[in-house]
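See structure below.
All of the numbers you see were taken from the coordinates with simple rules; none came from a lab. For clarity, every value in this text was computed on a predicted model and none was experimentally measured. Cβ coordinates were reconstructed from backbone atoms using ideal geometry, including for glycine residues, and neighbour counts include every protein chain displayed.
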Amino acid sequence: MMAALAGFLCVAFGAFAAHGISDSKAQEWLRTGALYGFVHALAVFAAASLRSRRARFAPPILLAGVVLFSGSLWAMALGAPRGLGAVTPIGGLCFLAGWALLAWAAAQAPEA
């Protein structure tokens, strides 16, 4: 459910960037947040379908990345203080950690 909500928000903020805002920096933040968030929402769906015990840790970490990375960009685009941008790299680290967990799970998976 959370991945679907993240995907919904990514489409909404991407559309807002394209049609509802004229500030170029805000558009860039909205688009970047939407792109990264959408890719990782899809990764959450894929990771959730894996039958690996190790892979089960990736979805919540990837979703935390969407909240922190994309959410901070969206908030700044909508007028939040620019200091919130300090949170954005923490979201990026969550993305990296989620992908590292998926790689670890794949490396430990039995060969078919």
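Worth a mention:
- Under the membrane-span-like helix rule (DSSP H runs whose alpha carbons stretch at least 18 Å along the helix axis, mean Kyte-Doolittle hydropathy 1.0 or higher), the chain yields 2-19, 88-108.
- Contact order relative to length of segment 31-98, as percent, for alpha carbon pairs under 8 angstrom and 6 or more apart: 36
- Potential extension, Leu5-Ala48 segment - 0.36 nm per residue separation minus Cα distance: 14.0 nm
- Translational diffusion coefficient (Stokes-Einstein; Kirkwood radius from C-alpha pairs) of segment 2-107 at 25 °C, 0.890 mPa s, in µm²/s: 178
- Segment Glu28-Gln108, length gained on full extension (0.36 nm per residue, minus Cα span): 25.0 nm
- Longest DSSP-loop-exposure-free segment, trypsin sites (Lys or Arg not before Pro), the chain, at most 12 other Cβ within 10 Å: 54-112
- The helix-based estimate of mean residue ellipticity at 222 nm for the chain, built from -39,500 (n - 2.57) per DSSP H run of four or more residues and divided by its residue count, is -23500 deg cm²/dmol to the nearest 500.
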